[in-house]
Amino acid sequence: MPENKKSMTVHRFLSLLLAYVVFCLAGGVVVSGFLLPGVYGVNAAAKAMMPSLSVENVDFNANDLPQQSRLYASDGHTVLATFYAQNRVVVPLKQVSDPMQKAVVAREDRRFFEHSGVDTQGVLRAFIQTYVKQGDTQGGSSLTQQYVKNVLMNQAEENNDPIAEYHAREETIARKMREMLIAEQMEKKYSKAEILQGYLNIAQFGTNTYGVETAARRYFNKSAKDLDAGEAATIAAVTKNPAKFDPTVDPKASQEQRDTVLDLMAQEGYISPAENSEAKAKPLEQTLHVQNVDAGCQAAGDAAFFCDYVTKQILNSKEFGKSQESRNKLLKEGGLDIYTTMDVNANNAAMHAARSTIPVEDPSGFEVAIAAIKPGTGEVLGFGLNRIYDATENSGGGTRTAINYAVDQVDGGGWGFQVGSTWKPINMVAWMKAGKSINQALRTSTSYPKSSFNCTGSDGQQYGFGTDSWHVENSGGGTTSPESPLQGLVRSHNTTQASMAQQIGLCSIADTAQEMGYRNSPKDQMDVHSTNSFQPTMTIGSSSASPLTMANVYATIAAKGVECSPIAIKRVIDKRGKQIQVPSANCHQAIDPAIAETTAYALNQGVVQPGGEANTTQLDGGRKTFAKTGTNEDTYMLTGGFVPQVASYVAVGNAEGSVSFNGKTINGVSRGSWYGMYIATPAWKAFMNSYLSAAGIPADNSYGNPDPRYTSGAQPQAQNGQRQQQPLQQSAQPQRQ
């Protein structure tokens, strides 16, 4: 027959009795009278064990427990998301109500304030019940011992030590002995209040609910300091079986346990009989105010894509740890307060603009991605996508996705969007950096030898582009010659961009783009000099970038040439109240302020004002507007622009691959041909108007003053045989570039 694990032998009985006596001596308590003679027989054994009472490497500091981290919006109080391995908020004992403290003591250890770490009566009762009467297994653990057990299990999990975790959980005399010895030492070092505080913060009070403060918020939507007797009894009852007695799992069983705790509180005199009756008379379900405990970005609603960007910034930044594993651990266990740059008004406006432009379930399937940034700071204000954030295993594209198409691939985005004519302000900046006027007459052509773009980069490297020719035309065909860079920008002519690059060198344009904050979106091709992107065609926007990158390029122009790396985090405070270093925006003067203002002048006076190809971007209220539209072939529609306080960028298209707009019905509208001004521009304008109004940002029409050094020179005249230029005041046709 199988061995009965509870069968009693003389040897086993004596061994257990010896262990019990040792426990009693270790606790410094008086042993029950009938066991007194045995004390003297084991005194030597007890003394021999005393050196082991000092247990090293066990940290009982409640602040070192895994705690949830919180993500805040830029206002400092709007919580966007929480992250945790164990959902816990540590609080001092003074922030736990008196009924809650007494409920736990009544339930777990009514002699807690009398013993020295080991409850001898409880141990004796459990010993006789389990091993003499062979009844149900009982532990007899004091509240201090339970705290020790929780700490040992938690430490084993923290150290990823499965063996230590097993020993912390196993039902053996050895484990009990270790707990008792440590408990006795704890009572010498810590006060009863400190031990009770530690237990209340470490104990599990339900499914993925750790610590009394989290439990109070979870079940009653209040702080632990505000719990009454009935609520406290409900929470205290859960620890015996967190999975079963969780009030959200089995309300009936939870109510029965609550009433038991209330009776125990009354027996100890913690509450009066009348208070006991009153609390028990309330149906449990009527007292609950259950809150959602979903964690991470999945529960962040419209802030989910921004939340995801923040987590990628943490996981990719050395400031938060030496490895991604350590950074992830800090995020989920470090009790961080993470204050982000997200402006709630900006993010809401961007999400609304994206989903209004092309609804989430629109049959066309095209993505709308919007990014906004605060010039001169690098602070990312928000994102807009016509998608629903879903990081579950079942997601992976379509209308539900965790891919943030507004950011680079390394930050959780995709391959980016070919930026088309929105690149052209970069060419103009590079042109002026070479000391040239934006009104200089240029001879243009529809064919350029690729070798004429060969150049030497700022790194001293030689770049060549082949021996054949690059055939390039304007959107309506042919070219306009001569033409100035300003007119080439106003009319978004491609041939003029090629002529500019031929004169100043393609390297100077690539270097300028990099200085202004540009980088390619694919993570293995981020350098602007990558083979796939560094070609003459980059001058008309063949490179693929994220909306955030392009918003940052426009922000550099808006900030008088100051470029900043995009940042999503302002500051981080750890669970000890210490500030953690965060990634810096590294703001610096990238281009001459005069060049920045002259570029802004060109974008406003030439491109946005009547006659410019982006005149539909003009914002409400006469606010001076700076913008550029673009269309890449027939696959992407784009608009970028700014006012001095905000820069933003909109990209529309199929983010997973090139899909033609032509002939498509989008948001109920059918067109044979689509251009940026039809979709991307209205989305950009809707976002900017909405956010500027909601945030109360005043108009600043003082920016955009051209420097005469870069505007001198006669306007060129069209040569015989070339297409005549349209007057600046005449509206230009939409461009597909």
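Bear in mind that the values in this text are calculations on the coordinates, not laboratory data. As the structure is a computational prediction, the values presented were derived from the model and not from experiment. Reconstructed Cβ throughout: ideal geometry from the backbone, glycine too, with neighbour counts over all protein chains shown.
With the cut-off at under 18 Å, measuring from each backbone N in the range 488-507 to a point 7 Å along the Cα-to-Cβ line of Glu473 picks out 492-499. Can you compute the FRET efficiency between Val410 and Val360 using 1/(1 + (r/R0)^6), with r the Cβ-Cβ distance and R0 = 30 Å? Round to the nearest 0.05. Calculated value: 0.70. Electrostatic tally near Lys433: other residues with Cβ closer than 13 Å to its Cβ, Lys and Arg +1, Asp and Glu -1, net -2. The modelled label-to-label distance for the pair Ala253/Asn689, using points 7 Å beyond Cα in the direction of Cβ, is 5.8 nm. Our estimate of slack between Ser451 and Glu268, defined as 0.36 nm per intervening residue step minus the Cα-Cα distance, is 56.6 nm. In this simple spin-label model, placing a label point 7 Å from the Cα along the Cα-to-Cβ direction at both Arg443 and Ser317 gives a separation of 5.3 nm.
Here Lys570 is the anchor, and the lysines within straight C-alpha reach of less than 18 Å, apart from those fewer than 8 places off in the same chain, are Lys312, Lys318, Lys374, Lys578.
Using a/c under 1.5 as the rounded threshold, could you call the range 453-493 rounded, prolate or oblate? The axes a ≥ b ≥ c are square roots of the C-alpha gyration tensor eigenvalues, and prolate needs a/b larger than b/c, oblate otherwise. In terms of gyration-tensor shape, oblate.
Subtracting the Cα-Cα distance of Asp707 and Thr207 from their residue separation scaled by 0.36 nm leaves 173.4 nm. When you filter the trypsin sites (Lys or Arg not before Pro) in the range 552-602 for DSSP loop state and at most 13 other Cβ atoms inside 10 Å of their Cβ, you are left with Arg576, Lys578. Looking at the range 263-339, none of the chymotrypsin sites (Phe, Trp or Tyr not before Pro) sits in a DSSP loop with at most 10 other Cβ atoms within 10 Å of its own Cβ. Here Lys450 is the anchor, and the lysines within straight C-alpha reach of less than 29 Å, apart from those fewer than 8 places off in the same chain, are Lys424, Lys433, Lys436, Lys523, Lys628.
If r is the Cβ-Cβ distance from Ser565 to Glu194 and R0 is 51 Å, what FRET efficiency results, to the nearest 0.05? Plugging the Cβ-Cβ distance into 1/(1 + (r/R0)^6) gives 0.70. For the range 253-330, which GluC sites (Glu not before Pro) are both in a DSSP coil and crowded by at most 14 other Cβ atoms within 10 Å? Of the GluC sites (Glu not before Pro), the ones in loops of the range 253-330 whose Cβ has at most 14 other Cβ atoms within 10 Å are Glu268. For Tyr649, the residues whose amide H sits under 5 Å from its own are Ala371, ignoring neighbours fewer than 5 places away on the same chain, with H placed 1.01 Å from N. Residues within the reach of a label modelled at Arg623 (point 7 angstrom out along Cα to beta-carbon, backbone nitrogen below 13 Å), restricted to the range 672-686, are 684-686. For Phe417, nonlocal amide neighbours, meaning residues 5 or more places apart or on other chains whose placed amide H falls under 5 Å from its own, are Ala545, Ser546. A Förster radius of 25 Å, combined with the Cβ-Cβ distance separating Asn586 from Val79, puts the computed FRET efficiency at roughly 0.30. Taking amide H as placed 1.01 Å from N in the peptide plane, Phe626 has its amide H under 5 Å from the amide H of Phe642, each at least 5 places away in sequence or on another chain. Subtracting the Cα-Cα distance of Ala281 and Glu656 from their residue separation scaled by 0.36 nm leaves 129.0 nm. Taken over the range 235-286, the percentage of Cα pairs per 10 Å bin, counting from 0 up to the bin with the maximum distance, is 28, 51, 21, 0. The alpha-carbon of Lys244 sits under 18 angstrom from the alpha-carbons of these lysines, leaving out residues fewer than 8 places away in its chain: Lys252. For the range 449-536, a simple Cβ point-charge model (Lys and Arg +1, Asp and Glu -1, everything else neutral) yields a dipole of about 140 debye relative to the Cα centre. Going from the fewest other Cβ atoms within 10 Å to the most, the residues Ser521, Ser546, Ser141 appear in the order Ser141, Ser521, Ser546.
Placing a pseudo-label 7 Å from each Cα along the Cα-to-Cβ vector at Gln579 and Ile697 gives an inter-label distance of 2.6 nm.
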